[in-house]
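Asker: One structure, pasted below without further comment.
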Amino acid sequence: MEKDDKKKLRSSNWFGRTGKDGFIYRAWMKNQGIPDYEFNNKPVIGICNTWSELTPCNGHFRELAESVKKGIWEAGGFPVEFPVMSLGETIMKPTAMLYRNLASMDVEESIRANPLDGVVLLCGCDKTTPSLVMGACSVDIPTIVVSGGPMLTGKYRGKNIGTSDIWRYHDDVREGKLENAELRNIEAAMCRSDGHCAVMGTASSMACMVEALGLSLPENAAIPAADARRKVLAQLSGIRIVEMVKEDLKLSDILTIKAFENAIKVNAAIGGSTNFVIHLLAIAGRIGVPLKLEDFNRLSANIPLIANLQPSGKHFMEDLFYAGGLPAVLKELKDILNNDVITVNGKTVGENYQKAQNYDNDVIGSVGRPFNDATGLAILSGNLAENGAVIKPSAASAHLMKHTGKAVVFENIEDYKARIDTDALEVDESCILVLKNVGPRGYPGMPEVGNMGLPKKLLEKEVKDMVRISDGRMSGTGFGTVVLHVSPEAAMGGNFSVIENGDMISLDVQNRSLTVAISDEELEKRKKNRKVIPPIVDRGYVNLYVNHVQQAHLGADMDFLRGKSGSEVTRDSH
Ligand code: FES
Ligand code: MG
């Protein structure tokens, strides 16, 4: 051990014991054919696996885990793979986000309760990354992330396609331009290999986040799942985690405020998902770094879009890898990053990108030659969102960045679905669509419905975008002039909860403001007359969730999960 030569391995509290306890801790492990020498003071490394056939983005993780194991053995460690709750973004109802905090509890308790000295987190599909990182932060032992990698770019009839195209195809079907039968063929063409969504959606943003935070080896973010080099990275990560245990290099040594600042700047430059905000705030809350929603504005303000990737741009994650990967992006940002922060490989961010090269200027630009002057993220405030709201300017329409329009209000998602395509709906393209009660508590879990489709009658007039405002989220693959995460959400009874049809709302992204032309007196009067009915959930996890989830501007973590309980070895089991 380098930090403290005499420090015992955590796992020795199990496997280093004599007598009855040592017997119990070792004997049942040996039924798996494990030789006695494995228990001889070797670093025990957990491989926290989110493999599941219900999380197809992580469907290749059993193989990936084998590559990690090779590395751990090679470096003299003892690998033990264990499953945790896996969150399949596309399958889980009402939204995988409802279970992010639950999965994080599973991860935290699984690590703490077991004889682990270090852990490798296998993350892929959207919520599997933040849930694992959050849980691991609350324990804080040496930890490295291996992402599963993006899918190969979808190919359909000579065109490159990816997840962001779903929203376009959906509109095409509604307008009668595309048959459902053809849509069914596109399914298999889009998802044609192992891996997570191939655009800069939430999964890719999370993979970039962990690399920018220094939690993974360089290049982790972009190597496609199907590329053999993904396995190499997994094996090298296995080697490295054993060394990290010897160096006692923990998450809290890496996750300093400077690392968080880097992640925010990188997310702005790559046009990362708006979900990044919520997840990073939650991670900061676990490790104890005082990060605030306003910090995202301060740090992102002058950072233009330098990654030409969908949904903000045109290319796919595979292209980013061939263009030099995230290290090449980091190198382009060298003047604005904290280059001296340490990462999991023991080197600094600056050292890690030193040899990187930008091989394709159409995929990776530079601060002086961006693809869009608009940044990837802006935090709005004003009397419509007392505690803030989020917009992704790089994926929005320039002509709507400063816009005032009449509110067309939907009280909840059912109301929206019932009326959006009716002739009776009074709406034109200058209106602002408002969707309430899709926040963390109001629609437990805060679903990705914020980029709600436009009214059919406006689509038929070739209207492509409108300002839309909600207390929900949108998929990281979504686009449009969409204001999200309004806090406090409608279910908490703030100003947003009392917006009515016809109220004049003003969005001014340049000035970061979101306001409604109603006096404070009128807002107070409306709030007094409005009964907020909190969601009633009788039992189970969802009951726990609605009673403890915090608002979006705090990361939507549970109040009792903030902070960490550490890696203390608790009492014996027998
Ligand atoms: Fe899993 Fe997009 S659905 S990453
Ligand atoms: Mg999603």
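Asker: Condition check: acidic (Asp, Glu) and either out of contact with any Asp or Glu (no Cβ under 7 Å at 6 or more places or on another chain) or modelled with pLDDT of 95 or more (or both). Does Glu2 satisfy that?
Answerer: Numbers: acidic (Asp, Glu): yes; either out of contact with any Asp or Glu (no Cβ under 7 Å at 6 or more places or on another chain) or modelled with pLDDT of 95 or more (or both): no.
Criteria not met by Glu2.
Asker: Related question: Which condition number in (1) within 19 Å of Thr95 (Cβ to Cβ); (2) of a type outside the set (Lys, Arg); (3) assigned to a loop (DSSP other than H, G, I, E, B); (4) touching a strand residue (DSSP E or B) at 6+ places or on another chain (Cβ under 8 Å) is the one that Val427 fails?
Answerer: Every condition holds for Val427 apart from (1).
Asker: Specify which of the listed residues (Phe82, Phe78) is surrounded by fewer than 19 Cβ atoms within 10 Å (Cβ to Cβ) and either within 14 Å of ligand 2 (Cβ to nearest atom) or under 23 Å from Val245 (Cα atoms) (or both). Give the derivation first.
Answerer: Numbers: Phe78 fails: surrounded by fewer than 19 Cβ atoms within 10 Å (Cβ to Cβ).
When all the criteria are applied, what remains is Phe82.
Asker: State all residues of region 166-192 that are more than 14 Å from Lys155 (Cα to Cα) and among the hydrophobic types (A, V, I, L, M, F, W, C); if no residue qualifies, say none.
Answerer: Those that are more than 14 Å from Lys155 (Cα to Cα) and among the hydrophobic types (A, V, I, L, M, F, W, C): Trp167, Val173, Leu178, Ala181.
Asker: Among the residues of region 229-256 satisfying the criterion of being under 19 Å from Asn339 (Cα atoms) and among the β-branched types (Val, Ile, Thr), which is surrounded by the most Cβ atoms within 10 Å (Cβ to Cβ)?
Answerer: In this case the residue turns out to be Ile254.
Asker: Here's a follow-up. Looking at Glu462, Glu448, which is the one that is surrounded by fewer than 21 Cβ atoms within 10 Å (Cβ to Cβ) and in a loop (DSSP other than H, G, I, E, B)?
Answerer: Values: Glu448 fails: surrounded by fewer than 21 Cβ atoms within 10 Å (Cβ to Cβ).
Being surrounded by fewer than 21 Cβ atoms within 10 Å (Cβ to Cβ) and in a loop (DSSP other than H, G, I, E, B) holds for just one of Glu462, Glu448, which is Glu462.
This table checks each residue for (1) near ligand 1 (Cβ under 10 Å from one of its atoms); (2) surrounded by 16 or more Cβ atoms within 10 Å (Cβ to Cβ); (3) closer than 30 Å to Asp421 by Cβ.
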| position | (1), (2), (3) |
| --- | --- |
| Thr163 | yes, yes, yes |
| His170 | no, no, yes |
| Met206 | yes, yes, no |
| Ala212 | no, yes, no |
| Leu215 | no, yes, no |
| Pro218 | no, yes, no |
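Asker: Let me ask something else. Can you tell me which residue among Gly445, Gly478 is out of contact with any strand residue (DSSP E or B) (no Cβ under 8 Å at 6 or more places or on another chain), within 16 Å of ligand 2 (Cβ to nearest atom), of a type outside the set (Val, Ile, Thr) and modelled with pLDDT under 95?
Answerer: Details: Gly445 fails: modelled with pLDDT under 95.
When all the criteria are applied, what remains is Gly478.
Asker: If Met85 satisfies all but one of (1) more than 21 Å from Ile278 (Cα to Cα); (2) part of a loop (DSSP other than H, G, I, E, B), what's the number of the condition it fails?
Answerer: (1)
Asker: When the residues of region 37-59 are filtered to those that are more than 16 Å from ligand 2 (Cβ to nearest atom) and assigned to a helix (DSSP H, G or I), which remaining residue is nearest to Leu9 (Cα to Cα)?
Answerer: The extreme case among them is Phe39.
Asker: Pick out, from region 209-282, the helices (runs of 4 or more DSSP H) lying fully within it that include 2 or more residues that are free of Cβ contacts under 8 Å to residues at least 60 places away in the same chain and farther than 27 Å from Leu98 by Cα.
Answerer: Details: elements: 228-247, 251-254, 257-270.
Ranges flagged: 228-247.
Asker: Run down Glu294, Glu332, Glu318 and say which single residue is touching a residue at least 24 places away in the same chain (Cβ under 8 Å), within 16 Å of ligand 1 (Cβ to nearest atom) and among the charged types (D, E, K, R). Can you show your working first?
Answerer: Numbers: Glu294 fails: within 16 Å of ligand 1 (Cβ to nearest atom); Glu332 fails: within 16 Å of ligand 1 (Cβ to nearest atom).
Exactly one of Glu294, Glu332, Glu318 is touching a residue at least 24 places away in the same chain (Cβ under 8 Å), within 16 Å of ligand 1 (Cβ to nearest atom) and among the charged types (D, E, K, R), namely Glu318.
Asker: Related question: Pick out the one residue from Gly502, Gly494, Gly453 that is touching a residue at least 24 places away in the same chain (Cβ under 8 Å) and either outside the structural domain of Gly382 (by TED's automatic domain parsing) or over 18 Å from Lys406 (Cα atoms) (or both).
Answerer: Gly494
Asker: Among the residues of region 88-138, which ones are touching a residue at least 40 places away in the same chain (Cβ under 8 Å), part of a loop (DSSP other than H, G, I, E, B) and hydrophobic (A, V, I, L, M, F, W, C)?
Answerer: Leu116, Cys125
The values are calculated or read from the model by the stated rules, or taken from the named source; none is laboratory data. Note that the structure is predicted; figures quoted are calculated from it, not measured. Cβ atoms come from the backbone with ideal geometry, glycine included; neighbour counts cover every protein chain shown.
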